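Inspection log for the structure reproduced underneath, given as structure tokens.
Coordinate-derived values only; no laboratory data. Worth saying up front: this structure is predicted, and the values here are computed from it rather than measured. Methodologically, a virtual Cβ is constructed for each residue, glycine included, from the backbone with ideal geometry; neighbour enumeration extends over all protein chains shown.
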Amino acid sequence: MFCIRPARLEDAGHLPEIERSAGQSFLQIPALAWIASDEVQSIERHRELIEIGSAWIAETPSGEIVGFLNGETIGQTFHVWEVSVRQQAQGQGLGRALMQAAMAQARLDGLKAVTLTTFRQVGWNEPFYHSLGFRTLAIHELSARLAEILETEVLGGLPREARCAMALGLV
């Protein structure tokens, strides 16, 4: 039904719109509704991550891109920067399939872990990642890199108490 494949440079122009569509789901959470109209990753940033081979696409049989995941290998860890699925395509397992593709590649690359930052107690965020085997890290468990990412998010307007870092060990 859907295909998960590595992203290509020509896909980059479609990805900000998918992220905007996915953000509409936050309208159902009054305290986070502002995310629906917040900034998204630039086309240039998407191209950078595609060029280094750390982005995947979910597309329909007709070739319509309906979701993406991008991240970056940092040391022995793959860090997920964004997972977005077009609002109309949510709930069909595409986020899970995208995460599984990234996790499988990280294993093939011999990496030790996959990390991400996300919202606590938002159904398609922290609980979803728990269902994939991720665990929420306590403050004392944060690497300097993850602590810096969380701090940058807070400086960008995300509420500190609503954010967390998560990790999945691969070894």
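Quick notes on this structure:
- In the chain, Cα pairs under 8 Å separated by at least six residues give a relative contact order of 19 percent.
- Over the stretch 124-171, Cα pairs under 8 Å with separation of 6+ residues give a relative contact order of 50 percent.
- Potential extension, Ala144-Arg160 segment - 0.36 nm per residue separation minus Cα distance: 4.1 nm
- Summary of packing: across the peptides 48-57, 116-125, the per-residue average of other C-beta atoms within 10 Å ranks them, highest first, as 48-57, 116-125.
- Expressed per residue, the C-alpha convex hull volume of the stretch 3-169 stands at 110 Å³.
- Selection among Ser143, Phe68, Ala113 by position relative to the dipole of the chain gives Ala113 as farthest towards the positive end (Cβ unit charges, Cα centre).
- Among 133-140, 33-40, the peptide with the highest mean count of other Cβ atoms within 10 Å heads the list, and the full ranking is 33-40, 133-140.
- Highest-fluctuation residue, Ser131, Ser84, Ser21 considered, GNM on the chain with Cα pairs under 10 Å: Ser131
- Projecting label points 7 angstrom from Cα along Cα→Cβ for Gln92 and Ile74 puts them 3.3 nm apart.
- Choice from Glu72, Glu44, Glu161 with maximal GNM fluctuation in the chain (Cα, 10 Å cutoff): Glu161
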